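Peer 1: Have a look at this one before I ask anything.
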Amino acid sequence: MIVQLEEAFGLVILHMVIKPIMQDPLVTDGDKYSVVLENERVRVLRYHDKPGDRTLQHAHADYVLYAESSFKRRLTFPDGRKTAFSSDPTGWRILGFGKHPEIAAAVQEKLRSLGFQATNFVLTNDEAGDARLVAELKRGEYDGIAIGGYINGQDAVWFNRVLNIVHANAPRSKIILVRGPEDIVPAIERVLGKKPPS
């Protein structure tokens, strides 16, 4: 609703224009959208669906779309206009994890800037970490699973558990052992090659 006050001939006139309120996607489609980060300046949502899924009419504030995997979408706007678009990232699909948050974020940014379909996160050495790893592995198919240097070189019990979780939940993915952040691209290329097959 837009409210305007106007003064005319000594009277205050109140104008109200009621616009249809578009719903938040977390309300309309909470089974597909989740909040990754939200603060007073930015809101990051993750969207995950399966072929054939539909969403209800909703709206987003100004937004940027970043695709972690290829997709095709058809949109219908409130005024009846329709449009279709797709995203076909060209780089390897990489799931990476390590012990240090600042390294995980920097590695993800670097890989995405180079065209990789990369998701990196911090893995903890506990049941919650194991559950997060399983959830991330089930979220999509990955060409490679990049395991950070601390995990693959410092704690044999943790590393063994991680390898078994990856093997059970992503048996077709290649294991990529990374020595450190500077080794991420060479490690991926050692295991997968320079580019995915066309």
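The values are calculated or read from the model by the stated rules, or taken from the named source; none is laboratory data. Since this is a predicted model, take the numbers as computed values, not measurements. Note: ideal-geometry Cβ built from the backbone for every residue, glycine included; neighbour counts use all protein chains shown.
Peer 1: Can you pull out every residue in the stretch 96-134 that is over 13 Å from the mean Cα position of the chain (by Cα), part of a helix (DSSP H, G or I) and modelled with pLDDT under 95?
Peer 2: Those that are over 13 Å from the mean Cα position of the chain (by Cα), part of a helix (DSSP H, G or I) and modelled with pLDDT under 95: PRO101, GLU102, ILE103, ALA104, ALA106, VAL107, LYS110, LEU111, SER113.
Peer 1: Residue under question is ARG93, and the condition is that it be among the charged types (D, E, K, R), more than 17 Å from ASP183 (Cβ to Cβ) and at pLDDT 90 or above; does it hold?
Peer 2: Details: among the charged types (D, E, K, R): yes; more than 17 Å from ASP183 (Cβ to Cβ): yes; at pLDDT 90 or above: yes.
In short, yes.
Peer 1: Go through (1) closer than 23 Å to PRO101 by Cβ; (2) touching a residue at least 40 places away in the same chain (Cβ under 8 Å); (3) aliphatic (A, V, I, L, M) for VAL191 and report which single condition fails.
Peer 2: In the conditions (1) closer than 23 Å to PRO101 by Cβ; (2) touching a residue at least 40 places away in the same chain (Cβ under 8 Å); (3) aliphatic (A, V, I, L, M), VAL191 misses (1) alone.
Peer 1: Among the residues of the stretch 124-143, is any more than 24 Å from ASP49 (Cβ to Cβ), touching a helix residue (DSSP H, G or I) at 6+ places or on another chain (Cβ under 7 Å), outside the structural domain of PRO51 (by TED's automatic domain parsing) and buried (at least 20 other Cβ atoms within 10 Å of the Cβ)? Lay out the reasoning, then the answer.
Peer 2: Kept after step one, since they are more than 24 Å from ASP49 (Cβ to Cβ), are these residues of the stretch 124-143: 124-130.
Adding the requirement that they be touching a helix residue (DSSP H, G or I) at 6+ places or on another chain (Cβ under 7 Å) leaves 125, 130.
Those left that are additionally outside the structural domain of PRO51 (by TED's automatic domain parsing): 125, 130.
The next check asks that each one be buried (at least 20 other Cβ atoms within 10 Å of the Cβ); those that pass are none.
No: zero hits.
Peer 1: Among the numbered conditions (1) free of Cβ contacts under 8 Å to residues at least 12 places away in the same chain; (2) surrounded by 15 or more Cβ atoms within 10 Å (Cβ to Cβ); (3) not charged (D, E, K, R), tell me where LEU111 comes up short.
Peer 2: Among (1) free of Cβ contacts under 8 Å to residues at least 12 places away in the same chain; (2) surrounded by 15 or more Cβ atoms within 10 Å (Cβ to Cβ); (3) not charged (D, E, K, R), LEU111 violates only (1).
Peer 1: Output the number of the condition that ARG46 fails; it satisfies all remaining conditions of (1) within 19 Å of ASP143 (Cα to Cα); (2) at pLDDT 85 or above; (3) surrounded by fewer than 16 Cβ atoms within 10 Å (Cβ to Cβ).
Peer 2: (1)
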